[in-house]
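Everything on this sheet refers to the single structure shown next.
The values are calculated or read from the model by the stated rules, or taken from the named source; none is laboratory data. Just so we're clear, the structure is a prediction, and the values are computed from it rather than from any experiment. FYI the Cβ positions are ideal-geometry reconstructions off the backbone, even for glycines, and counts take in every protein chain you see.
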Amino acid sequence: MEFVNLQPLQTDYKVKEGQELRYSFTQHSSVGNTGEFEIEDPCILEFKEKIVDYKLKIDESVGEIRPAGGDEARATFIFVAKKKGRTKLKIKQLFRGTVMEEWVMKVVVE
């Protein structure tokens, strides 16, 4: 079953039971760029995991792929539609603990 990419400006989603929903954002923890979420009803929509892909570069002097320096990354929250119903998912983009942007997405599981 294919997954659904959540977008900040799209507020309504219809998904099937068992379907994954993903939200990706830039994370740079050392400077304070992070993200968090709240699920209104975790019985309907469940958090599965967070994947963090760190930015890499090719070190030409040794021909290896290495971290680009620092901890800049692309983070992805993965959620699973557990049972039929309606819920809301709130995504927050934070900078040094302060909410800079916030989106509320309505999710209907069919």
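Computed values, structure above
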{"quantity": "Extreme residue, farthest from residue 28 (Cα to Cα), among residues of the stretch 49-75 that are modelled with pLDDT under 80 and under 21 Å from the mean Cα position of the chain (by Cα)", "calculated": "56"}
{"quantity": "Where a residue in the stretch 7-29 is part of a loop (DSSP other than H, G, I, E, B) and its partner, wherever it lies, is at pLDDT below 95, with Cβ under 8 Å and at least six apart", "calculated": "16/1; 18/1; 19/1; 19/2"}
{"quantity": "Scope the stretch 21-40; condition under 18 Å from residue 84 (Cα atoms) and crowded, with 16+ Cβ neighbours inside 10 Å; matching residues", "calculated": "21, 39"}
{"quantity": "Count of residues meeting criterion [more than 13 Å from the chain's Cα centre (by Cα) and under 16 Å from residue 78 (Cα atoms)] in the stretch 15-39", "calculated": "5"}
